[in-house]
1. What residue among Thr108, Thr53, Thr147 has the largest mean-square fluctuation in a Gaussian network model of the chain, using Cα springs under 10 Å?
2. Please give the contour-minus-distance gain from Asn2 to Thr50: 0.36 nm per residue of separation, less the Cα-Cα distance, rounded to one decimal in nm.
3. How far is the Cα center of segment 133-163 from the Cα center of segment 1-69, in Å?
4. Using only Cα atoms and rounding to the nearest 10 degrees, what angle (0 to 90) does helix 185-196 make with the longest principal axis of the chain?
5. At a threshold of 8 angstrom on Cα-Cα distance, excluding pairs fewer than six apart, so keeping six or more, what relative contact order does segment 104-177 reach in percent?
6. In Å², and per residue, what accessible area does the chain have when probed at 1.4 Å with the other protein chains present?
Amino acid sequence: MNVFSGLVEATGRIAEVEERPHGRRFWIEAPLVGSEKVGDSLSVNGCCLTMVTIEDGRAAVEAVPETLARTTLGAWSAGREVNLERAMRLDQRLGGHLMQGHVDGVGTIVSVTPEGDGARIAIELPPALARFVAEKGSLAVDGVSLTVARANGARCEIALIPHTLAVTVAGAYAAGDPVNLEVDLIARYLARLLEDSGTTGRPA
């Protein structure tokens with residue numbers, strides 16, 4: 001199992017989108033390409049994808065129809081900027097939180113409000129994911145490990161520091177933008193254990 005920390009290493013640009021018999025291939029121009037090899041995993045806006053080709057400053061990853069339908073990837077076109085992170089090694093320090101690169105759903109940016117040199121974003125959550133999002137808990141947004149500042153029903157708010165705005169795609173967020181979401185791994189498995197025990201944790 002590949003794991004990621006949610007600390008974006010670089011941003012890349014979708015250079016080309018290629019239709020394939022069983023999905024879609026995305027060619028990404030990225031500064032990461034060099035030490036990587038074919039078969040390595042790469043988190044692209046929070047989606048764990050496999051590098052199938054590497055050549056001269058760009059890499060190709062492929063997405064199957066299921067991924068295209070359940071994430072923002074289905075709407076990607078050439079020129080789009082994306083967050084990139086290589087899978088963690090076991091000897092690395094965990095700076096963010098454990099993520100699998102398995103997108104749980106797509107949320108929508110409701111608002112972006114400047115806060116000093118940073119910004120506060122409000123996100124509309126898919127109904128099925130709202131119960132996994134808690135104030136001061138972790139949430140991956142487009143592959144970035146972030147702390148929830150406020151959770152209110154189907155919406156949450158996140159305060160973004162200037163560094164995050166500068167080195168990730170979050171600096172370009174605007175109201176209406178769709179974003180990939182991955183909920184906290186512990187919250188997901190705890191909910192499953194409670195469901196299996198007959199205690200859902202939901203209001204009666």
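The values are calculated or read from the model by the stated rules, or taken from the named source; none is laboratory data. Just so it is clear, the structure is predicted and the values come from calculations on it, not from any experiment. Accessible surface areas use protein heavy atoms only, side chains included; no ligands, DNA or RNA. Shrake-Rupley method; radii C 1.70, N 1.55, O 1.52, S 1.80 Å.
1. Maximum among the listed residues: Thr53.
2. Values: separation 48, 0.36 × 48 = 17.28 nm, distance 1.07 nm.
Going from the current span to full extension adds 16.2 nm.
3. Taking the Cα centre of segment 1-69 as reference, the centre of segment 133-163 is 25 Å away.
4. 50 degrees
5. Dividing the mean separation by the residue count of segment 104-177 yields 34 percent.
6. Roughly 52 Å² per residue, with all protein chains present.
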